[in-house]
Amino acid sequence: MSLRPTFIGSMFLVVSLVVFSTGCEQPASTNSTNNATDGNSVSGSGTVKLDGEIISIPSPNQLAILVKQSNVPFREEQLHDLKKADYYLSEQKKAMNLGIYGADLAYIANFDKGQLANDYFDAVGKVAGELEVLDHIDGKLVSRLSNNISNRDSVLRLSSQFFHSADRYLKNNKRTDLAGLVLLGGWVESIHFASEAAKTNEDVRRRIAEQKHACASLTNLLKNLGDPAMEGLLEQMKELNALYADFPVTYSYSKPITDAKEKTTYITSKSTVEMDLKQLEAVSNRIEAIRSIIIQ
Amino acid sequence: MNKVIFTLILSIISVAGFSQCDSLAGSCEKHISQKYISDGQAYRALLTGQEVAEFKTTLFGGNTYRFAACSGESDGNLVFRIYDQDKNLLFTNKEYSNAPYWDFVIENTMVVSVEANLDQTRLSSGCAVIIIGFKK
């Protein structure tokens, strides 16, 4: 009982702090003692990893656009089964398959398949709803996406905003793990599409070879989860990493050129990475094994 | 009791931080114009003093990217730098009045490190957000 006044006083201090820190950032002249780090790790040198072990994965849209440009025809049988959208029980499986369906939507949108895009948007909505993500995404965004499902550019842009909102919601709710698994699903599905096109198109093959960093980041994500249920997936990703380690890579720095008026910098450094057809087949087989685990 | 209060303080400040980052990520999207598609992620951290946030990403050859960098309620509070794999500085917005966004035309695919810190002459703590878009 004697502690109560102190406790109430402390709570008043806490509430004051929260109101202050939510309402405005601290001006430069104040001495901050706020060490909240949004779940980030801070090293002794003062370096913060964004969102802890942040992973940055290329958007499935980028590979989908390249696949379309490769003139390889659309193959509906490559898409994930729509019927499985309400089949998954665990949050992890839902998150990964949300990524899978999202990449499917990007692939479909690039080939202007309006009705199919509609069906896959429904699947995205269903899985996002089960993850309680959908309730926290701007309803206007969802209806704009739904109303423009036949317009390629709109679908690419709005679905990207949709996944951006999902990413924000999951991270806000300290579900960075699920946000990462959405990225994993999207990445695997986009390589799955690209692998077919890469057999006949060198640009796509090079782009798959350039995924070394993304592959390593996603493997670290799974490792950090430490989830026994993900052990099989982790082992497959490690095998995929080992394949990527064998690709010869070169890099040479070149001074960038900046056009300040246009707010544009041209990065002209040179780099190469090589992957032959045999290596492509090995990567492709491993991706299929990983995809099977995710969608089963 | 002290542990309880400390935990409460950390929890509530953390919630406030998330809320701050969320609204900032939303407003930072205004710099990713219709010509660009976001990669679907917001890279963010709560920073204090001289802390530096960092992450690595792959920029693919033949693409144009837009980086938007935000902190606080106005533009120009966040300084960001981009380094190549050998730690050569490729760009910093510090040389351009902390420009809140910048475009990068990438000739060859490369893995880059992105670092960001608050401009302490303008802000001593706050949420830092970087958003990356690529040109359609």
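At a glance:
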{"quantity": "Test result for residue A:225, farther than 30 Å from residue A:138 by Cβ, in contact with a helix residue (DSSP H, G or I) (Cβ under 8 Å, 6 or more places away or on another chain) and surrounded by fewer than 23 Cβ atoms within 10 Å (Cβ to Cβ)", "calculated": "no"}
{"quantity": "Restricting segment A:144-182 to residues that are touching an Asp or Glu at 6+ places or on another chain (Cβ under 8 Å) and closer than 15 Å to residue A:97 by Cα, the residue that is surrounded by the fewest Cβ atoms within 10 Å (Cβ to Cβ)", "calculated": "A:178"}
{"quantity": "Matching residues in segment B:78-98 - criterion: being touching a strand residue (DSSP E or B) at 6+ places or on another chain (Cβ under 8 Å) and either among the hydrophobic types (A, V, I, L, M, F, W, C) or within 8 Å of chain A (Cβ to nearest Cβ) (or both)", "calculated": "B:78, B:79, B:80, B:82, B:84, B:85, B:86, B:89, B:90, B:91, B:96"}
{"quantity": "Residue within segment A:105-124 that is in contact (Cβ under 8 Å) with a residue 60 or more places away in the chain, within 28 Å of residue A:293 (Cβ to Cβ), surrounded by 23 or more Cβ atoms within 10 Å (Cβ to Cβ) and out of contact with any strand residue (DSSP E or B) (no Cβ under 7 Å at 6 or more places or on another chain) present", "calculated": "yes"}
{"quantity": "Residue B:46 being at pLDDT below 90, touching a strand residue (DSSP E or B) at 6+ places or on another chain (Cβ under 9 Å) and either polar (S, T, N, Q) or closer than 25 Å to residue A:220 by Cα (or both)", "calculated": "yes"}
{"quantity": "Scope segment B:100-126; condition within 17 Å of residue B:30 (Cα to Cα) and in a strand (DSSP E or B); matching residues", "calculated": "B:101, B:102, B:103"}
{"quantity": "Selection within segment A:222-264 - in contact with a Leu (Cβ under 7 Å, 6 or more places away or on another chain) and either over 19 Å from residue A:90 (Cβ atoms) or without any contact (Cβ under 8 Å) to a residue 40 or more places away in the chain (or both)", "calculated": "A:222, A:223, A:234, A:256"}
{"quantity": "Filter pass, residue A:214 being facing another protein chain (nearest Cβ under 10 Å) and within 18 Å of the chain's Cα centre (by Cα)", "calculated": "yes"}
{"quantity": "Filter result (of a type in the set (D, E, K, R) and without any contact (Cβ under 8 Å) to a residue 12 or more places away in the chain) within segment A:54-104", "calculated": "A:77, A:83"}
{"quantity": "Odd one out for residue A:220, checked against (1) more than 14 Å from every other protein chain (Cβ to nearest Cβ); (2) modelled with pLDDT under 95; (3) not in a loop (DSSP other than H, G, I, E, B)", "calculated": "(1)"}
{"quantity": "All positions within segment B:42-96 that are basic (Lys, Arg) and surrounded by fewer than 22 Cβ atoms within 10 Å (Cβ to Cβ)", "calculated": "B:56, B:81, B:87, B:94"}
{"quantity": "Residue that is surrounded by the fewest Cβ atoms within 10 Å (Cβ to Cβ), among those in segment A:198-207 that are out of contact with any Leu (no Cβ under 7 Å at 6 or more places or on another chain) and assigned to a helix (DSSP H, G or I)", "calculated": "A:202"}
{"quantity": "Contacts under 6 angstrom Cβ, first residue in segment B:31-52 being within 7 Å of chain A (Cβ to nearest Cβ) and free of Cβ contacts under 8 Å to residues at least 12 places away in the same chain, partner outside any strand (DSSP E or B) and of a type in the set (Phe, Trp, Tyr), 6 or more apart", "calculated": "B:40/A:163"}
{"quantity": "Residue ID - farthest from residue A:71 (Cα to Cα), chosen from residues in segment A:112-121 that are at pLDDT below 90 and either of a type in the set (Asp, Glu) or outside any helix (DSSP H, G or I) (or both)", "calculated": "A:113"}
{"quantity": "Residue match in segment B:109-131 (condition: surrounded by fewer than 19 Cβ atoms within 10 Å (Cβ to Cβ), of a type in the set (Ser, Thr, Tyr) and in contact (Cβ under 8 Å) with a residue 24 or more places away in the chain)", "calculated": "yes"}
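Here's the yes/no breakdown for (1) β-branched (Val, Ile, Thr); (2) modelled with pLDDT of 90 or more; (3) touching an Asp or Glu at 6+ places or on another chain (Cβ under 9 Å):
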{"residue": "A:56", "(1), (2), (3)": "no, no, yes"}
{"residue": "A:88", "(1), (2), (3)": "no, yes, yes"}
{"residue": "A:138", "(1), (2), (3)": "no, no, no"}
{"residue": "A:142", "(1), (2), (3)": "yes, no, no"}
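The values are calculated or read from the model by the stated rules, or taken from the named source; none is laboratory data. Computed from a predicted structure; not experimentally measured. Methodologically, a virtual Cβ is constructed for each residue, glycine included, from the backbone with ideal geometry; neighbour enumeration extends over all protein chains shown.
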